[in-house]
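What follows is a single structure, written as structure tokens, with notes after it.
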Amino acid sequence: MKKIILLGAPGAGKGSQAAKISEKYNIPHISTGDIFRKNIKEQTPLGNLAKSYIDKGQLVPDDVVIGLVESRLKESDCANGYILDGFPRTIPQAEALDKVADVNVVINLDVPFDIITERLTGRRVCICGATYHVSSHPGDTCDRCGKKLIVRDDDKPETVKERLQVYLRQTEPLIDYYRNKGLVRDVKGRDTVEQTFADVVEVLDKI
């Protein structure tokens with residue numbers, strides 16, 4: 001049974017790796033964003049409570065987030081394991097998670113900040129959903145629909161810098177927290193998603 005936490009800075013490739021892990025090992029990819037959306041749509045008590053904070057532009061308190069995660073982990077598709085992506089984000093969240101979940105491995109995607117910055121600031125998106133990178137698509141129009149490509153606000157250099165600083169302050173300490181528990185396995189971010197995934201599989205197959 002694989003109960004996995006996926007750690008890494010914004011732009012490290014957590015989403016891509018989580019999707020491939022989920023498919024290979026037939027376990028659900030769980031993100032707090034998905035949990036929020038599902039509970040808000042279904043108007044569960046915790047979902048309504050979370051929405052009351054989100055609507056005010058406030059962070060959802062840890063106890064509400066933990067309640068939503070705990071409820072999700074009790075669903076039947078988690079019986080054989082799961083991947084937590086984007087949670088926990090802080091030490092208090094990790095301590096609370098310890099009380100409701102028995103994680104057995106933490107994959108830390110280790111990608112240098114200069115590479116992450118190049119990845120994110122070079123990303124261009126289209127309103128049709130297509131995504132490109134200036135290194136492989138130097139033009140400013142979408143191949144799919146011909147519309148003009150844009151830079152998302154959270155991919156602008158000043159925003160990327162702030163996102164990485166927030167990660168250093170709030171989330172990076174989790175690596176030491178879980179390393180002290182003997183759970184962390186470091187995986188270097190390689191040139192391609194497939195190369196990185198091969199290293200992830202090598203780690204997970206030993207669990």
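The values are calculated or read from the model by the stated rules, or taken from the named source; none is laboratory data. Since the structure is predicted, the reported quantities are computational estimates derived from the model, not experimental observations. Don't worry about glycine lacking a Cβ; one is built from the backbone with ideal geometry, like all the others, and counts go over all protein chains shown. Areas reflect the complete protein model, heavy atoms only, side chains present, ligands, DNA and RNA absent. Shrake-Rupley method; radii C 1.70, N 1.55, O 1.52, S 1.80 Å.
Looking at this structure, is I107 surrounded by fewer than 18 Cβ atoms within 10 Å (Cβ to Cβ) and under 30 Å from K2 (Cβ atoms)?
Values: surrounded by fewer than 18 Cβ atoms within 10 Å (Cβ to Cβ): no; under 30 Å from K2 (Cβ atoms): yes.
Judged against the criteria, I107 is not a match.
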Practice problem: Inspect all residues belonging to the stretch 79-92 and state whether any of them is within 19 Å of D176 (Cβ to Cβ) and over 14 Å from the mean Cα position of the chain (by Cα). | Solution: yes
Exercise. Determine, yes or no, whether E172 is at pLDDT 90 or above and among the acidic types (D, E).
Key: no
Quiz item: Here are E95, E118, E42: which of them is more than 23 Å from G8 (Cβ to Cβ), among the charged types (D, E, K, R) and open to solvent by 40 Å² or more (accessible area, probe 1.4 Å)?
Solution: E42
Quiz item: Restricting to the stretch 121-136, what's the tally of residues that are open to solvent by 50 Å² or more (accessible area, probe 1.4 Å) and of a type outside the set (A, V, I, L, M, F, W, C)?
Solution: 6
Quiz prompt | the stretch 72-92, subset hydroxyl-bearing (S, T, Y) and open to solvent by less than 60 Å² (accessible area, probe 1.4 Å), residue modelled with the highest pLDDT | solution = Y82
Quiz item: Just for the stretch 1-35: of the residues that are more than 24 Å from T192 (Cβ to Cβ) and either among the basic types (K, R) or out of contact with any strand residue (DSSP E or B) (no Cβ under 8 Å at 6 or more places or on another chain) (or both), which one is most open to solvent (accessible area, probe 1.4 Å)?
Solution: D34
Exercise. Inspect all residues belonging to the stretch 146-156 and state whether any of them is loosely packed, with under 12 Cβ neighbours inside 10 Å and closer than 29 Å to S71 by Cα.
Key: no
Quiz item: Taking the stretch 156-207 on its own, how many of its residues are without any contact (Cβ under 8 Å) to a residue 60 or more places away in the chain, of a type in the set (A, V, I, L, M, F, W, C) and more than 15 Å from K24 (Cα to Cα)?
Solution: 2
Practice problem: Determine if the stretch 180-189 includes at least one residue that is part of a loop (DSSP other than H, G, I, E, B), of a type in the set (D, E, K, R) and within 18 Å of the chain's Cα centre (by Cα). | Solution: no
